[in-house]
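Everything below concerns the one structure shown next.
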Amino acid sequence: MSRRRSARRKRRRRGGGAAAARARGGQVLAENRRARRNYTVLEQFEAGIALTGPEVKSCRNGGANLKDAFGRERNGELFLTNCHIAPYAHAPADQGDPNRNRKLLLHADEVKRIAGKLTMAGLTLVPLRIHLRNGWIKVQVALAKGRSHRDRRETIRAREADREIRAHLG
């Protein structure tokens with residue numbers, strides 16, 4: 001067997017290529033960049049999200065915004081609050097509120113575990129990103145604890161010190 005053929009088989013076995021990478025890791029549709037700066041992420045979950053048809057189209061076109069979004073537990077269910085999904089341009093005008101609460105789709109035991117931890121002091125459910133996985137729109141949410149100003153400054157100071165050490169060594 002030639003080298004070229006064996007390399008092709010290895011790539012196929014691994015699921016190489018851009019399409020496979022998007023299906024595996026997911027194409028990022030929206031990201032909450034400030035979440036990792038303002039919060040200490042303790043635990044991450046991947047959840048489905050209940051969307052209408054025009055909202056799906058809008059998300060795929062980059063119309064989602066997670067800037068002030070957070071998760072909330074109500075009646076044994078988790079909801080994503082303040083997530084803005086822009087109205088889809090080619091849909092009828094009566095699409096509803098772009099900031100409506102959207103249900104997060106998780107297994108019942110995960111919902112109970114997250115709801116129990118949310119009652120602890122200082123923990124928040126923060127969405128990190130909206131992405132595609134195998135054609136489905138998913139939300140990566142995290143249980144997080146808010147950082148103080150001092151914590152943020154210490155993180156920046158440590159990062160700069162590491163950068164200086166790497167510059168001197170390498």
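The values are calculated or read from the model by the stated rules, or taken from the named source; none is laboratory data. Keep in mind it's a predicted model, so treat the numbers as computed, not measured. Cβ: placed from backbone, ideal geometry, glycine included. Neighbour counts: every protein chain shown.
Listed values, structure above:
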read-out: Among the residues listed as R163, R157, R152, the single one being in contact with a helix residue (DSSP H, G or I) (Cβ under 8 Å, 6 or more places away or on another chain) and assigned to a helix (DSSP H, G or I); value: R152
read-out: Hits in region 132-149 - residues which are modelled with pLDDT under 90, touching a strand residue (DSSP E or B) at 6+ places or on another chain (Cβ under 9 Å) and either assigned to a loop (DSSP other than H, G, I, E, B) or within 14 Å of G26 (Cβ to Cβ) (or both); value: R147
read-out: Residues satisfying the stated conditions in region 122-160, i.e. exposed (fewer than 10 other Cβ atoms within 10 Å of the Cβ), small (G, A, S) and over 30 Å from G53 (Cα atoms); value: G122, S148
read-out: Odd one out for R72, checked against (1) surrounded by 18 or more Cβ atoms within 10 Å (Cβ to Cβ); (2) part of a strand (DSSP E or B); (3) not hydrophobic (A, V, I, L, M, F, W, C); value: (1)
read-out: Hits in region 150-160 (condition: in contact (Cβ under 8 Å) with a residue 40 or more places away in the chain and basic (K, R)); value: R152
read-out: Extreme residue, surrounded by the most Cβ atoms within 10 Å (Cβ to Cβ), among residues of region 96-121 that are assigned to a loop (DSSP other than H, G, I, E, B) and of a type in the set (G, A, S); value: G96
read-out: Lone unmet requirement of (1) over 26 Å from L143 (Cβ atoms); (2) in contact with a helix residue (DSSP H, G or I) (Cβ under 9 Å, 6 or more places away or on another chain) for E73; value: (1)
read-out: Of all residues in region 10-36 being modelled with pLDDT under 85 and not small (G, A, S), the one that is surrounded by the most Cβ atoms within 10 Å (Cβ to Cβ); value: R22
read-out: For R74: the one exception among (1) modelled with pLDDT of 90 or more; (2) more than 18 Å from H131 (Cα to Cα); (3) in contact with a strand residue (DSSP E or B) (Cβ under 8 Å, 6 or more places away or on another chain); (4) of a type outside the set (S, T, N, Q); value: (3)
read-out: Of all residues making up region 118-149, the number that are free of Cβ contacts under 8 Å to residues at least 60 places away in the same chain and out of contact with any helix residue (DSSP H, G or I) (no Cβ under 9 Å at 6 or more places or on another chain); value: 7
